[in-house]
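Computed from the coordinates by the stated procedures, all read-outs in this text should not be read as laboratory data. For clarity, every value in this text was computed on a predicted model and none was experimentally measured. Cβ sites come from the backbone with ideal geometry, for glycine too, and all protein chains shown count toward neighbours.
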Amino acid sequence: MIETKAPGKLYIAGEYAVVEPGEPAVLVAVDRYITVRLSESQGAGRIHSTEYGQLPLVWTREGQRIVLEHNPYDYVVSAIATVDRLRSELGLAPRYFDLHISSELDDVSGRKFGLGSSAAVVVATIEALDAFYGLGMSRTERFKLGLLTAVQVAPKSSGGDLAASTFGGWIRYQAPDRAALRSVLEAEGVSAALASSAWDTADVRRVPPPADARLLVGWTGSPASTEVLVDGMAHRSPSSHPDYQEFVDRSRACVDGLVSALLEGDGAGAQSALRSGRRLLRRVGDASGILIETDKLRALCDGAEEHGAAAKPSGAGGGDCGIVLVPADVPARDITRSWERHDIRPLDLHVHPAQGGDFEH
């Protein structure tokens, strides 16, 4: 039996703009996990997960192709297929296995918290398959393989959530050119895609947590689809929409300001950058017609601001979570009491620590 765990994540700043290759974002890994248990099987493989209902998803092979008994192609199946293609390229014998997947990234009714469950399950699955096949991959290689997995399901995926789940802690992230990676993957295979120059714009750097402030997270109870929201922005590009280029530039300045404040231990500066990030998201939402800051997210942020904290939606918005940087002298309970009137739930989250080495260029 092989068991792996991967943490969830929260976006702190840089949402939407991070989908552009080389544009930065700040994320943090949190201590809610996806757990994958892998055991070898014969003749077929099975994936046990509440995502598939009571019966397991059964998979087999036809030549070099993974074949499903039912259900659509998703992140777990994409991870299996991508690793299987790499296994074949490396000349390793095929083997079957069962996966048992459990999640702490949703509530008792199955509603997702918006903590990056798709990324976490990819990271945990790839780590388990790395151990199963004895691939000996580095943390950077597993992250790259995870992103190759994700872009086959969601081509606009930036990979920031995968980086947070892979490297842990607080990170500054930049994405590679995923369109170029997909082209190499389709034409030349996984090994070639892992070595592609399309990774040149990618970067993961560790940053320290905020000084004199703690992270508080509220959940609106309304799940949001990041893929749908990001796709809604996809028709805008720096070349065709000058206002979008201005948004990207402002987002970069906001992230740079936040990173500088974190590196310098400037708690007030970090809170100021967070407020700038909120204003920027509201502006781009209004300009694009995308509802990023819902009524509950507005109440969450305003309730925190009224007590001297800084707050904004996390990730694509449209529901899910809001994040707050609470100064050391501000009682968090004052903020959470204001949330209770709007049925906003504080989440008991802490930072999952940084893991392993740095991103390898």
Euclidean distance between Cα centres, segment 242-301 to segment 195-223, Å:
14
The rounded separation in angstrom of the Cα centers of segment 305-351 and segment 1-78 is 29
Scalar couplings 3J(HN,Hα) for segment 311-321 by Karplus 6.51 cos²θ - 1.76 cosθ + 1.60 (θ = phi - 60°), nearest whole Hz, x for Gly and Pro, are 8, 6, x, 10, x, 6, x, x, x, 6, 10
Over the chain: helical MRE at 222 nm, DSSP H runs n ≥ 4 each giving -39500 (n - 2.57), nearest 500:
-12500 deg cm²/dmol
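How much FRET efficiency would the formula 1/(1 + (r/R0)^6) give for residue 298 and residue 264, where r is the Cβ-Cβ distance and R0 is 30 Å, rounded to 0.05? Display every interim value, and only then the final one.
Details: r = 30 Å, r/R0 = 1.02.
Efficiency computed from Cβ-Cβ geometry: 0.50.
Expressed in nm to one decimal, what extension gain is obtained for the pair residue 360 and residue 132 from 0.36 nm per residue of sequence separation less their Cα-Cα distance? Don't skip to the answer; put the middle values down first.
Details: separation 228, 0.36 × 228 = 82.08 nm, distance 2.33 nm.
Full-extension gain reported as 79.8 nm.
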Exposure proxy check: 296, 9, 144, 156 ranked by fewest other beta carbons within 10 Å?
156, 296, 144, 9
So how far apart, in nm, are the two label points at residue 341 and residue 68 if each is 7 Å from Cα heading toward Cβ?
4.6
Residues whose modelled amide H sits under 5 Å from the amide H of residue 169, counting only those 5 or more places away in sequence or on another chain, are 29, 352, 354
Using the Karplus curve 6.51 cos²θ - 1.76 cosθ + 1.60 with θ = phi - 60°, work out ³J(HN,Hα) for each residue of segment 24-35 in order, rounded to whole Hz, and write x for Gly and Pro.
x, 8, 10, 9, 9, 8, 10, 8, 10, 10, 9, 10
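Going by C-beta contacts inside 10 Å, put 50, 82, 294 in order with the fewest on the left.
Numbers: 50 11, 82 26, 294 18.
Starting with the residue having the fewest Cβ neighbours, the order is 50, 294, 82.
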Gyration tensor (alpha-carbon) shape descriptor, segment 213-347, a/c threshold 1.5
oblate
